[in-house]
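Quick notes on the structure that follows.
Throughout, read-outs are computed from the coordinates displayed, never taken from laboratory work. None of the values given here were measured: they were computed from a predicted structure. Every residue, glycine among them, receives a Cβ derived from its backbone with ideal geometry; neighbour counts consider all protein chains shown.
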Amino acid sequence: MFDGDPYLTQVKYVRMIGPRRAGQLARLGLYTVHELLYHFPREYVDRSRLISPFERHSGDIVTVVGRVISCQHNQPRKGLTVTKAAMECARGVFYAVWFNQLHIKKLLKPGTRVYISGKLNKGFGHFEVQVQDYEIITGDGESLHAGRIVPVYPSTGGVTQRMMRTFVHAALEQWHQGYREFLPRRVMDEEGLMALPEALKQVHFPDSHALAEQARRRFIFEELFLFQLQLALLRRNIVRMQKGHSYEPVSELTRKYIAGLGFMLTAAQRRVVGEIMADMDGPHPMNRLLQGDVGSGKTVVAVLMLLRAVESGLQGALMAPTEVLAEQHYLSLTRSLVPLGVRVAFLSGGVPAKERRALLEQIAAGEISIIVGTQALLQKDVEFKKLAVAVIDEQHRFGVRQRGNLPQKGVHPDLLIMTATPIPRTLSMTVYGDLDMSVIDALPPGRQPVRTYYVAPEELSRVFKFAARQVAEGRQAYVVCPLVEESEKLDLQAAVDLHRQLAAGELHECRVALLHGRMKRSDKELVMEQFRSGNLDVLVSTTVIEVGVDVPNASVMVIVDADRFGLAQLHQLRGRVGRGDSQAHCILSARLRSREAAERIKAMKASQDGFYLAERDLQIRGPGDMAGVRQSGMPEFRLANIIRDRDLLGTARRWAKALIGDDPELRAGEYHLLRLALERYNKEGSGYHHIG
Ligand code: ADP
Ligand code: MG
């Protein structure tokens, strides 16, 4: 019974779904038959085996087939009707009870056979089942709601589970033959994947748990494979593009900059710079991810890349996720490059309109060589004369979508994305699969590991006195308070209070300032600049300093309520100290209410390695909790969980690369259906539903 194209047919054409029901399904985002059929069950309830009420205890879930003896309604109070049917089965008589389901009585004619599934309530030889699901046995047709493994759907809104099952079943009957396998034969065979039409049936109405698993595996593979194909094609397109500029050899300006650094580049930095320069000399736009732990020295690498553009009479842009970080980059570039005659400018949402207008003109005229800023750089009216290099810092704070936008500002500029590994290396290929990868895998020499301690909140006073002593020795300190959106007001107040308390108390001999995201831009700028130049000793701050802030003289990091931070954040914060050559200290204070919080603190004490901590973070969270991964701009999948399914992810990636390698356009006849599936996938936007 093939009934048209499931991808194009609206749900209202499914038997039993009228326009009204279609409206309800639309609210769940299910418009087409295909969307309905790809709305997979959240879980299954096994009602395939009969579990007799006569062998069970009160509270147990039982499944039983009974024959109706009699049935009656009553209304013990207003708003509650009870339908109670006496039923018999092989072992005796029991009662089935429904609440507020008036229509049920007419279905329960004496002699009718019914599957009953529900909770047992037992008393004095009286067996009563509170019905959760039932199904009248008619003799023909499959049972959907009982007597089998039954699907349970996610959020059904106004649509009941019974309705969902009925709709999906009807859609399957009419359309599942309309599905043709689009995964290549070779892949299916080698990976032992269940064929599409069968998988659709088994994923909704499985004949066994094993078959349900096989069906799900097929769909997990399918979405990972399409996603990886999309990345592989994206990558191939970039590789084929010709960039609109070329560079002069490295010259005087770069040499002067390096000479002024006051340190030697590490071997890792030199290797990475080499990789970047080679890309820049190539005919295709560079598309490279630079991974390196906090403090590994990514900024210098970015500056060398930007300088090469400047030396060639071209422009470069550096985009950072927060104002504080963008400003810091701006100030440090100003300090090191303006003396060399390079024109650097700053652009963020906070720049006044008049100033901004003048700036945009200079950028468009090519009078400014390097522009540093926030996402404000992506605004439409920001036009460059010749943008050749685009650097995006701390990529994990941006959605992956934004990564595509900055390059559009130029004629295929060379793109460098920098990140301090918010996710394990094993997973980064999922989000960054379309990028070449460079890794700075060693910290600059002379860095001593940060000493990390845990203290209970009662001991904080002692910690602040320690900070005061460090300040007396010429060091600087951070005190960080959490700030989360849900309790922003309270959090902000806590930071304000702590600042006041410290300035009057333990740190009264220090110059203490407050820094938080709600302050005016000019005030933030002033505070940061004073801290950087050593005119302030202690910064009490909310997490605005989390990424990128670089003050080598700071040697103490106190984190208050550390249990409210994730492991990646704690690591980032600790990375703010230990940048100079003196011993640094990180003190985590928290009340350890949960096991997870205790585990995170333990991990922080055990390691300083960002890659290790990212792995550990996932272990502590467990594969169910994807919060941290989502933050990294990971796409949302229907069934796949890239942590649980990392093996299948690797397999999907290998196949995607192999296929595109053999046949870059997927031109071969056997790929015809795959190509259509991919087009659909791109259009649906699956894989790019980013939270960003
Ligand atoms: P991140 O990779 O976290 O962005 P930064 O680029 O901010 O790190 O560098 C951290 C600190 O290390 C900065 O103070 C920077 O000047 C310094 N640094 C960078 N490279 C070296 C090096 N090769 N030797 C010594 N210090 C370095
Ligand atoms: Mg940085």
Work out, step by step, the length gained on full extension between residue 93 and residue 530: first 0.36 nm times the residue separation, then minus their alpha carbon distance; give nm to one decimal.
148.9 nm
Quick one: compute the contact order of region 252-440, relative version, from alpha carbon pairs under 8 angstrom and 6+ residues apart, as a percent.
32
Taking the Cα centre of the chain as the origin, how large is its charge dipole in debye, to the nearest 20, when only Lys and Arg (+1) and Asp and Glu (-1) carry charge on their Cβ atoms?
1540
Fewest-first ordering of 13, 179 by Cβ atoms within 10 Å yields 13, 179
Quick check: the distance between the Cα centres of region 193-263 and region 38-117, to the nearest angstrom?
50
Return a whole-number percent for the relative contact order of region 61-138, with Cα pairs under 8 Å and 6 or more residues apart as the contact set.
33
Taking the Cα centre of the chain as the origin and placing charges on Cβ (Lys, Arg +1; Asp, Glu -1), which of 115, 448, 382 is farthest toward the positive end of the dipole?
115
Within the under-14-Å Cβ sphere about residue 446, not counting residue 446, Lys/Arg +1 and Asp/Glu -1 give a net charge of +1
Where a label projected 7 Å from the Cα of residue 665 along Cα→Cβ would reach, residues of region 166-194 with amide N under 19 Å:
none
For a test of the definition: using alpha carbon positions, the gyration tensor, and the 1.5 limit on a/c, classify region 61-138 as rounded, prolate or oblate.
oblate
If the convex hull of the alpha-carbon atoms of region 482-537 is projected onto planes in all directions, what is the mean projected area in square nanometres?
4.1
Descending packing, highest mean Cβ count within 10 Å first, for 143-154, 434-445, 333-344, 453-464 is 143-154, 434-445, 333-344, 453-464
Would you kindly state how much longer the chain becomes between residue 190 and residue 488 on full extension, computed as 0.36 nm times their sequence separation minus their alpha carbon distance, in nm to one decimal?
102.0 nm
Among 605, 683, rank each residue by its count of other Cβ atoms within 10 Å, from fewest to most, as a rough exposure measure.
683, 605
Helix-only mean residue ellipticity at 222 nm for the chain, each DSSP H run of n ≥ 4 adding -39500 (n - 2.57), per residue, nearest 500:
-12000 deg cm²/dmol
Assuming 0.36 nm per residue, please report the length gained on full extension of the stretch residue 612 to residue 358 beyond their Cα-Cα distance.
86.8 nm
Is the shape of region 315-362 rounded, prolate or oblate, going by the alpha carbon gyration tensor and its root eigenvalues a ≥ b ≥ c, with a/c under 1.5 for rounded and a/b larger than b/c for prolate?
oblate
For region 251-303, what class follows from the C-alpha gyration tensor (a ≥ b ≥ c being the square roots of its eigenvalues): rounded when a/c is under 1.5, otherwise prolate if a/b is larger than b/c, else oblate?
oblate
From the mean inverse distance of alpha carbon pairs (Kirkwood) and the Cα radius of gyration, derive Rg over Rh for the chain.
1.07
Pairing the Cα long axis of helix 672-684 with the longest principal axis of the chain, what angle in degrees results, from 0 to 90 and rounded to the nearest 10?
70
Label-point separation, residue 26 to residue 54 (7 Å along Cα→Cβ), nm
5.3
In which sequence would 73, 516, 103 go, from the one with the fewest C-beta neighbours within 10 Å to the one with the most?
103, 73, 516
Along the Cα→Cβ direction, 7 angstrom out, place labels at residue 591 and residue 13. What is the inter-label distance in nm?
6.1
Over region 252-440, what lengths in whole Å, largest first, do the semi-axes of the equivalent ellipsoid take, defined as the square roots of 5 times the eigenvalues of the alpha-carbon gyration tensor?
24, 20, 16
Per residue, the convex hull enclosing the Cα atoms of region 451-607 spans a volume in Å³ of 105
Of 588, 172, 470, whose Cα points farthest to the positive end of the dipole of the chain (charges on the beta-carbon: +1 Lys, Arg; -1 Asp, Glu; origin at the Cα centre)?
172
What relative contact order, as a whole-number percentage, does the chain give when Cα pairs under 8 Å and 6 or more residues apart are counted?
12
DSSP beta bridges in the chain: the antiparallel percent, rounded to 5, is 45
With the dipole of the chain defined by +1 on each Lys or Arg Cβ and -1 on each Asp or Glu Cβ, the option from 328, 51, 674 whose Cα lies farthest towards the positive pole is 51
Label residue 124 and residue 109 with points 7 Å out from Cα along Cα→Cβ: what is the distance between them in nm?
3.5
